[in-house]
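Read through the structure below, which is laid out as structure tokens, and then see the notes.
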Amino acid sequence: MTIARLLFLPCPFARIIGHQAASRSGGGAMRLRVRHGFMRAVDKLTQAAYHASGGRLGGRQLSYDILLLTTTGRKSGAARTHALLYIRDGTRYIICASNYGAPSHPAWYHNLRANPQAEMQASRLKVAVRAADASGEERERLWRQLVAVRASYTDYQRDNPRVIPVVILTPEG
């Protein structure tokens, strides 16, 4: 399989790998670890494609729009970049802190809570953004739009004790 093909694997493929590992080991924890490991690798490949092509590659994977979000590590102070699915809401970018259905929030979400200033790249557009959690009716509206793009978010929420945050990235300047 070529690297280019790996960049465009749908996330349900990760679930298949996870289910196979879980059925052999008998545990859901193994499924989650395999899914996370696989998706971290896809994340790094997406970042590499983005950076090598100046944003011409990696911004669209199958039917998903992907952006790069760079936060400041809340403990380390180091720049941390992740590839994330997004939708648009006017001039704002909407992302979901699903963490692939894990019971804890992703590290990038904790980083944004500590410092809501971040940078993002959507295709060739690079911009400073300010992050805020959606709440109330707005969160519900945006959640429905995210689920329409990626139905597995419904499974992640159903199987999860935490409310999965919907994060609004508002471009600055």
Give me the distance in nm between label points sitting 7 Å out from Cα along the Cα-to-Cβ direction at residue 65 and residue 126, one decimal. 2.0
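Starting from the Cα gyration tensor of the range 67-173, take the square roots of the eigenvalues, sort them a ≥ b ≥ c, and report rounded, prolate or oblate (rounded when a/c is under 1.5, otherwise prolate if a/b is larger than b/c, else oblate). Could the numbers behind the result be given before it?
Numbers: a/c = 1.76, a/b = 1.26, b/c = 1.40.
Oblate, because a/c is 1.5 or more while a/b does not exceed b/c.
Using a Förster distance of 22 angstrom, determine the FRET efficiency expected from the C-beta separation of residue 172 and residue 149, and round it to 0.05. Show your work: numbers first, answer last.
Numbers: r = 25 Å, r/R0 = 1.14.
The formula returns an efficiency of 0.30 here.
Values in this text are rule-based calculations from the coordinates and carry no lab data. No experiment lies behind these values; they were computed from the predicted model shown. Note that each Cβ is placed from the backbone with ideal geometry, even for glycine, and that neighbours are counted across all protein chains shown.
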